[in-house]
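Engineer: Dropping a structure here in structure tokens format, bear with me for questions.
Values in this text are rule-based calculations from the coordinates and carry no lab data. What you see is a predicted model, and the numbers here were worked out from it, not measured in a lab. Positions of Cβ are backbone-derived with ideal geometry, glycine not excepted, and every protein chain shown enters the neighbour counts.
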Amino acid sequence: MKVLVTGGLGFIGSHTVVELQNEGYEVVIIDDCSNSSEKVLDGITAITGKRPLFEKIDLKEKSKVEDFFKRHTDVQGVIHFAASKAVGESVEKPLLYYENNIGTLVYLLKELSRKSKSSFIFSSSCTVYGQADTMPITENAPVKAAESPYGNTKQMGEEIIRDTCKVTEGLNAIALRYFNPMGAHPSSEIGELPIGVPQNLVPFITQTGVGLREQLSVFGDDYPTSDGTCVRDYIYVVDLAKAHVVALQRLLGGKNKTNYEVFNVGTGKGSTVLEVIKSFEKVSGKKLNYKIVDRRPGDITSAYADTTLANEELGWKAQFTLDEAMKSAWDWEQKIRS
Ligand SMILES: NC(=O)c1ccc[n+]([C@@H]2O[C@H](COP(=O)([O-])OP(=O)(O)OC[C@H]3O[C@@H](n4cnc5c(N)ncnc54)[C@H](O)[C@@H]3O)[C@@H](O)[C@H]2O)c1
């Protein structure tokens with residue numbers, strides 16, 4: 001069974017390729033290496049003993065996408081990770097984000113619409129909920145106006161897929177709304193490789209721990225939470241990768257209830273920034289240099305998932321604790337800096 005993984009050299013994509021190969025799928029990766037490196041293929045191969053097929057293609061080049069599907073008529077499922085993901089950059093360069101995150105999605109869906117049967121998994125995000133009114137957040141919580149062009153591409157992406165599924169017989173899709181992915185493969189062969197200053201908390205913490213950054217700024221300690229810092233739902237990337245495999249299996253096995261479904265992928269547990277720092281200090285045995293600074297505009301107070309739907313429908317549940325995920329992130333950071 002051949003599966004196309006776009007963005008398969010990236011952080012979440014590479015971990016998903018590992019889980020797919022472990023389950024016996026034949027994987028072909030498309031990536032343009034705009035935010036990754038071909039070296040990731042070596043890591044995947046070291047873990048699984050099998051080198052996935054790889055084509056260096058920029059999905060913005062429509063003719064190359066068409067040509068790919070002509071050559072790989074046996075692709076039965078597509079997991080679409082490829083996208084630009086820096087929220088701040090998306091505010092500066094909205095058209096880049098609309099072209100890369102929406103244009104590429106449209107090209108892929110056009111190709112899949114030509115097939116008699118196809119399965120599509122989309123990387124969405126909990127950002128679609130904004131600051132939800134109630135916690136934990138269920139899939140029925142309203143989608144709030146996006147705070148950034150990046151967030152908007154996730155909302156629009158979901159709508160484009162839903163509209164396309166409505167009129168395309170044979171196309172079945174699942175959007176997975178990720179909460180806060182973190183960590184690295186336990187082998188330390190693959191992990192998160194942020195270019196420049198990390199956008200996410202955990203790589204910022206581990207880079208500070210290893211001495212690459214001087215200090216972590218904690219944005220605000222006067223939020224209405226247990227210790228005043230913001231609450232997020234940190235999901236271990238290996239758990240997240242496994243959610244993609246079970247979502248794909250659901251579609252390939254015809255187990256889906258409608259031809260477009262949405263699932264939250266989180267742990268169901270919220271952690272404050274200070275709890276995440278404590279977890280780092282516990283697993284690393286190091287004190288982290290951090291300081292509390294003013295709130296950052298645009299940050300929401302709290303977001304954590306109700307994962308009942310994924311638990312019941314996908315038979316999936318996060319297995320790893322925050323400490324276990326943090327240890328993998330720390331091991332990875334030390335390995336790449338050594
Ligand atoms: N990491 C997170 O915190 C997070 C949270 C929610 C949703 N997501 C979404 O999950 C997906 C994967 O995220 P990630 O953290 O693994 O990001 P990543 O940047 O590590 O991976 C994305 C990959 O896509 C590739 N890519 C980008 N544009 C491309 C193009 N035009 N053609 C071919 N390849 C292209 C990049 O080179 C990279 O390897 C993205 O869609 C992202 O928006 C990520």
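Engineer: Taking the Cα-to-Cβ direction at Val87 and at Gln215 and moving 7 Å from each Cα, how far apart do the two end points lie in nm?
Structural biologist: Between Val87 and Gln215, the label points sit 2.3 nm apart.
Engineer: For Val128, what charge total do you get from the other residues with a beta carbon under 12 Å from its beta carbon, if Lys and Arg give +1 and Asp and Glu give -1?
Structural biologist: My count for the surroundings of Val128 gives -1.
Engineer: Cα-Cα over 23 Å: which of Lys60/Lys154; Lys70/Lys93; Lys242/Lys269?
Structural biologist: Lys70/Lys93
Engineer: Straight-line reach from Lys335: which lysines have Cα under 23 Å away, leaving out those fewer than 8 places along the same chain?
Structural biologist: Leaving aside lysines fewer than 8 places away in the same chain, those within reach of Lys335 are Lys39, Lys50, Lys278, Lys282, Lys286, Lys287, Lys327.
Engineer: So what is the 222 nm mean residue ellipticity for the chain from helices alone, if each DSSP H run of at least 4 adds -39500 (n - 2.57) and you divide by all residues, rounding to the nearest 500 deg cm²/dmol?
Structural biologist: -11000 deg cm²/dmol
Engineer: Below 8 Å, C-alpha to C-alpha, sequence gap of six or more: please give me the relative contact order for the range 233-311 in percent.
Structural biologist: The normalised contact order for the range 233-311 reaches 45 percent.
Engineer: Which FRET efficiency value, to the nearest 0.05, is calculated for Ser338 and Lys56 with the Förster distance at 22 angstrom and r the Cβ-Cβ distance?
Structural biologist: 0.20
Engineer: Still on this model: How high is the relative contact order of the chain? Use alpha-carbon pairs under 8 Å, at least six apart in sequence, and give a whole percent.
Structural biologist: 19
Engineer: While we're on this one: Quote the charge dipole size of the range 97-203 about the Cα centre in Debye, to the nearest 20; the model charges only the Cβ of Lys and Arg (+1) and of Asp and Glu (-1).
Structural biologist: That gives the range 97-203 a dipole magnitude of about 340 debye.
Engineer: I've got another one for you. With a Förster radius of 30 Å, plug the Cβ-Cβ distance of Asn200 and Leu96 into 1/(1 + (r/R0)^6) and report the FRET value to the nearest 0.05.
Structural biologist: E(calc), rounded to 0.05, equals 0.90.
Engineer: Stretch Glu38-Ser187 to full length: gain in nm at 0.36 nm per residue minus the Cα-Cα span?
Structural biologist: Gain in length upon complete extension: 51.8 nm.
Engineer: Using the 10 angstrom Cβ neighbour count as an exposure proxy, how do Val17, Val75, Val237 rank, fewest first?
Structural biologist: Numbers: Val17 33, Val75 20, Val237 25.
In increasing order of surrounding Cβ atoms, one gets Val75, Val237, Val17.
Engineer: Still on this structure: Give the Debye-formula value of log10 I(q)/I(0) at each listed q (0.07, 0.09, 0.12 Å⁻¹), with one equal scatterer per alpha carbon of the chain, two decimals each.
Structural biologist: -0.27, -0.45, -0.83
Engineer: Lys62: which aspartates and glutamates have alpha carbons under 12 Å from its alpha carbon, excluding same-chain residues fewer than 8 sequence positions away?
Structural biologist: Filter leaves Glu99, Glu111.
Engineer: Take the alpha carbon gyration tensor of the range 120-160, find the square roots of its eigenvalues, order them as a ≥ b ≥ c, and report rounded if a/c is under 1.5; if not, report prolate when a/b exceeds b/c, else oblate.
Structural biologist: In terms of gyration-tensor shape, oblate.
Engineer: Using the count of nearby Cβ atoms within 10 Å as a rough guide to exposure, how do Leu4, Leu274, Leu95, Leu53 rank from fewest to most?
Structural biologist: If I rank by nearby Cβ atoms, fewest first, I get Leu95, Leu53, Leu274, Leu4.
Engineer: Quick one: if the Förster radius is 35 Å, what FRET efficiency do Thr45 and Lys257 give, using the C-beta to C-beta distance and rounding to 0.05?
Structural biologist: 0.40
Engineer: Dipole of the chain (Lys/Arg Cβ +1, Asp/Glu Cβ -1, origin at the Cα centre): which of Ser113, Asn200, Phe68 lies farthest to the positive side?
Structural biologist: Phe68
Engineer: Please rank Leu171, Leu288, fewest neighbouring Cβ atoms within 10 Å first, as an exposure proxy.
Structural biologist: Placing the least packed residue first, the sequence is Leu288, Leu171.
Engineer: More than 27 angstrom separation, counting every C-alpha pair in the range 163-289; what % is that? Before the final figure, lay out the partial values.
Structural biologist: Working: 2760 of 8001 pairs.
Considering the range 163-289, 34 percent of its Cα-Cα pairs are separated by more than 27 Å.
Engineer: Give me the net charge for the shell around Cys165: Cβ to Cβ below 12 angstrom, other residues only, Lys and Arg +1, Asp and Glu -1.
Structural biologist: On the way: positive: Arg162, Lys166; negative: Glu158, Glu159, Asp163, Glu169, Glu261.
Net local charge, Cys165 excluded: -3.
Engineer: For the range 193-265, what mean projected area does the convex hull of the alpha carbons give, in nm²?
Structural biologist: 7.8
Engineer: Could you list the trypsin sites (Lys or Arg not before Pro) in the range 261-338 that lie in coil according to DSSP, counting only those with at most 10 other Cβ atoms within 10 Å of their Cβ? List each step's numbers first, then the result.
Structural biologist: Values: sites: Lys269, Lys278, Lys282, Lys286, Lys287, Lys291, Arg295, Lys317, Lys327, Lys335, Arg337; in loops: Lys269, Lys286, Lys287, Arg295, Lys317.
Taking the range 261-338 and a limit of 10 other Cβ atoms within 10 Å, the loop trypsin sites (Lys or Arg not before Pro) found are Lys287.
Engineer: Additional query: Among Ala241, Leu274, Gly285, which residue has its Cα positioned farthest towards the positive end of the charge dipole of the range 234-320, with +1 placed on the Cβ of Lys and Arg, -1 on the Cβ of Asp and Glu, and the dipole taken about the Cα centre?
Structural biologist: In the range 234-320, that residue is Gly285.
Engineer: About its Cα centre, what dipole magnitude does the chain give when the only charges are +1 on Lys and Arg Cβ and -1 on Asp and Glu Cβ, stated in debye to the nearest 20? Kindly include the intermediate steps, with their values, before the conclusion.
Structural biologist: Details: 39 positive and 44 negative charges, 99 e Å.
The dipole magnitude comes to about 480 debye.
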